[in-house]
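Below is one structure, written out as structure tokens; the observations come after it.
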Amino acid sequence: QIQARTLSGTNWSALISVSFQSATMAAPLSISEIQYHPVGGDAYEFIELYNSGSLPADVSGFQFTGIQFRFPSPTLPIPAGGRIVLANDSNPVLFRQRYPGVPVSGWFGGSLDNGGERLELKDKAGRIVTSVEYGDSHRWPQSPDGQGPSLENRDARLDPDDPAAWSASAPGGTPGLPPLPAIT
């Protein structure tokens, strides 16, 4: 609540009262890796979220569009600088065999579109926290399309809809880990 008036010479204006409400600052989350067309099928699909902030990010009640997943309430916050992995629920046993030791924070329903799609993470109020519209053609890296690597966002500060922000990962992807240095 702010109250103000102005002084012109010796005359004061009428008192004006204005209410402001500050918005909650969005969590510094990004979709950092997408394994959308893995060798072996949907059982090996995953999405990785990265918290680039300096504080833990509470994702309780957040939900995705593009896949079927809602974080339960309460959910442990994603630590500052931390990564979490969500994997396809079609065959968790196969996923765990390929990626032993990778902690899975949740299993999503549906599957990632092999031709590309828009993924959005929305907060409890339905506001978009982070999103990407990935693809398998034009300027997007081609090897993640059924050849083994995943798509990795190399810099969370870049526009996630820009294919130049993404590159192919090491074979099989790096779920839960930062991207490996680019091979030149």
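The values are calculated or read from the model by the stated rules, or taken from the named source; none is laboratory data. Just so it is clear, the structure is predicted and the values come from calculations on it, not from any experiment. FYI the Cβ positions are ideal-geometry reconstructions off the backbone, even for glycines, and counts take in every protein chain you see. Note: accessible area is taken over every heavy atom of the protein model, side chains too, but ligands, DNA and RNA are not part of it. Shrake-Rupley method; radii C 1.70, N 1.55, O 1.52, S 1.80 Å.
When you go through (1) modelled with pLDDT of 95 or more; (2) farther than 23 Å from Ser169 by Cα one by one for Asn51, which number turns out not to apply?
Condition (2) is where Asn51 drops out.
Being in contact with a Lys or Arg (Cβ under 6 Å, 6 or more places away or on another chain) and either surrounded by 13 or more Cβ atoms within 10 Å (Cβ to Cβ) or basic (Lys, Arg) (or both) narrows it down to one of Pro163, Pro77, so name that one.
Unique residue meeting the criteria: Pro163.
Assuming Val59 fulfils every condition listed in (1) open to solvent by 40 Å² or more (accessible area, probe 1.4 Å); (2) modelled with pLDDT of 95 or more; (3) part of a loop (DSSP other than H, G, I, E, B); (4) not polar (S, T, N, Q) apart from one, which condition is it?
Going through (1) open to solvent by 40 Å² or more (accessible area, probe 1.4 Å); (2) modelled with pLDDT of 95 or more; (3) part of a loop (DSSP other than H, G, I, E, B); (4) not polar (S, T, N, Q) one by one, Val59 breaks only (1).
Given the residues Pro181, Pro100, Pro175, which is the only one that is part of a loop (DSSP other than H, G, I, E, B), modelled with pLDDT of 95 or more and more than 13 Å from Phe46 (Cβ to Cβ)?
One residue alone meets the criteria, Pro100.
Results for (1) in contact with a strand residue (DSSP E or B) (Cβ under 9 Å, 6 or more places away or on another chain); (2) within 23 Å of Gly135 (Cβ to Cβ); (3) hydroxyl-bearing (Ser, Thr, Tyr), shown as yes or no for each residue.
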position: Val39; (1), (2), (3): no, yes, no
position: Leu49; (1), (2), (3): yes, yes, no
position: Gly66; (1), (2), (3): yes, yes, no
position: Ile78; (1), (2), (3): yes, no, no
position: Ala87; (1), (2), (3): yes, yes, no
position: Val104; (1), (2), (3): yes, no, no
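Could you list, in sequence order, all residues of the stretch 80-97 that are in a strand (DSSP E or B) and either open to solvent by 80 Å² or more (accessible area, probe 1.4 Å) or not small (Gly, Ala, Ser) (or both)?
Once the filter is applied, which keeps residues that are in a strand (DSSP E or B) and either open to solvent by 80 Å² or more (accessible area, probe 1.4 Å) or not small (Gly, Ala, Ser) (or both), the stretch 80-97 yields Arg83, Ile84, Val85, Leu86, Asn88.
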